[in-house]
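This report refers to the structure that appears directly beneath it.
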Amino acid sequence: MSDAIKSQVRTFIVENFLFGDDAYPLADELSLVESDLVDSTGILELVAFVEQTFGISLADADIVPDNLDSIARIANFVACKREAVN
């Protein structure tokens, strides 16, 4: 399931932050903030995407780099939140 989550997140990032340019090397572990792909406004867009797409709610305490700074971290965070609900 994590691969499916990664794929959805990667597609969102390419479409919304790279304007459809999928030639950019977007590794699973690439820091979205340090690589300047996502800024503070982008984080809010990412949070809204995660909540809507995966049906989970993020508390303010969840909006930290450990959870949202790479495709791999987002996928892991979403998987953990889903497990906690079930």
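The values are calculated or read from the model by the stated rules, or taken from the named source; none is laboratory data. Quantities reported herein were computed from a predicted structural model and do not represent experimental measurements. With ideal geometry, Cβ positions are generated from the backbone for all residues, glycine too; neighbour counts draw on all protein chains shown.
Val47 falls short of the stated requirement of being in contact (Cβ under 8 Å) with a residue 12 or more places away in the chain, out of contact with any strand residue (DSSP E or B) (no Cβ under 6 Å at 6 or more places or on another chain) and assigned to a loop (DSSP other than H, G, I, E, B). Under the condition of being within 25 Å of Val85 (Cα to Cα), in contact with a Leu (Cβ under 8 Å, 6 or more places away or on another chain) and of a type in the set (A, V, I, L, M, F, W, C), the residues counted in region 18-56 number 4. Only one of the numbered conditions (1) touching a Ser or Thr at 6+ places or on another chain (Cβ under 9 Å); (2) in a loop (DSSP other than H, G, I, E, B); (3) of a type in the set (A, V, I, L, M, F, W, C) is not met by Phe12, and that is (2). In the set (1) loosely packed, with under 13 Cβ neighbours inside 10 Å; (2) within 10 Å of the chain's Cα centre (by Cα), Ile43 fails one condition alone, (1). Residues of region 61-75 include at least one that is at pLDDT 95 or above, surrounded by 17 or more Cβ atoms within 10 Å (Cβ to Cβ) and in a loop (DSSP other than H, G, I, E, B).
Of all residues in region 57-86, those satisfying the criterion of being under 18 Å from Thr11 (Cβ atoms) and either among the hydrophobic types (A, V, I, L, M, F, W, C) or over 12 Å from the mean Cα position of the chain (by Cα) (or both) are Leu68, Ile71, Ala72, Ile74, Ala75, Phe77, Val78, Ala79.
Selection of first residues in region 11-38 that are over 13 Å from Leu68 (Cβ atoms) and β-branched (Val, Ile, Thr) and of second residues that are modelled with pLDDT of 95 or more and exposed (fewer than 15 other Cβ atoms within 10 Å of the Cβ), restricted to Cβ pairs under 8 Å at least 6 apart or on distinct chains, gives an empty result. For region 2-36, the tally of residues that are hydrophobic (A, V, I, L, M, F, W, C), on the phi < 0 side of the Ramachandran plot and surrounded by fewer than 12 Cβ atoms within 10 Å (Cβ to Cβ) stands at 3. Of all residues in region 33-44, those that are of a type outside the set (A, V, I, L, M) and outside any helix (DSSP H, G or I) total 4.
Could you grab me the full set of residues in region 50-60 that are free of Cβ contacts under 8 Å to residues at least 24 places away in the same chain, touching a helix residue (DSSP H, G or I) at 6+ places or on another chain (Cβ under 8 Å) and either part of a helix (DSSP H, G or I) or among the small types (Gly, Ala, Ser) (or both)? Steps first, answer last, please.
So the first thing to find is which residues in region 50-60 are free of Cβ contacts under 8 Å to residues at least 24 places away in the same chain, and the list is 51-52, 55, 57-60.
Keeping just the survivors that are touching a helix residue (DSSP H, G or I) at 6+ places or on another chain (Cβ under 8 Å) gives 57-58.
Passing the criteria: only Ser57.
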